[in-house]
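One structure is given here, and the rest of the page talks about it.
Bear in mind that the values in this text are calculations on the coordinates, not laboratory data. Just so it is clear, the model here is predicted, and its values are computed rather than measured. Cβ sites come from the backbone with ideal geometry, for glycine too, and all protein chains shown count toward neighbours.
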């Protein structure tokens, strides 16, 4: 069970235990981390789970899909490390993953 760090825009760090196969969004919302609305429930249809993956972890995930890229086009402050956390599936070797949240969600 990997432990991931979700960092709010104000610097508050939440250490969350995630299940292998679960998305970062699911782990964060199940733990009550503020800052991820997840309005569509993880269907890659709203961009309210936008986060910045720590540069050390960017390559650990599948590349951005076309549908995720389209959703990321509408988020404010998109960066090269921007991802929708509903599309980031956890594996056993992701202990220590860090994701920072933007100031606001779309």
Choice from 37, 91, 67 with maximal GNM fluctuation in the chain (Cα, 10 Å cutoff): 67
Residues listed by number, the range 54-93, amide nitrogen under 16 Å from residue 104 label point at 7 Å toward C-beta: 74-78
For the chain, built as a Gaussian network whose Cα springs stay under 10 Å, the top-fluctuating residue of 62, 70, 87: 62
FRET efficiency estimate (nearest 0.05) - Cβ-Cβ, residue 79 to residue 37, R0 22 angstrom: 0.70
Paramagnetic reach from residue 1 in the range 25-40 [backbone N under 20 Å; point 7 Å along Cα→Cβ]: 25-34
Over the chain: helical MRE at 222 nm, DSSP H runs n ≥ 4 each giving -39500 (n - 2.57), nearest 500: -3500 deg cm²/dmol
Cα→Cβ-extended label distance, 7 Å offset, between residue 30 and residue 70, nm: 2.9 nm
Estimated distance in nm for a label pair at residue 58 and residue 17, the labels positioned 7 Å out from Cα along Cα-to-Cβ: 3.2 nm
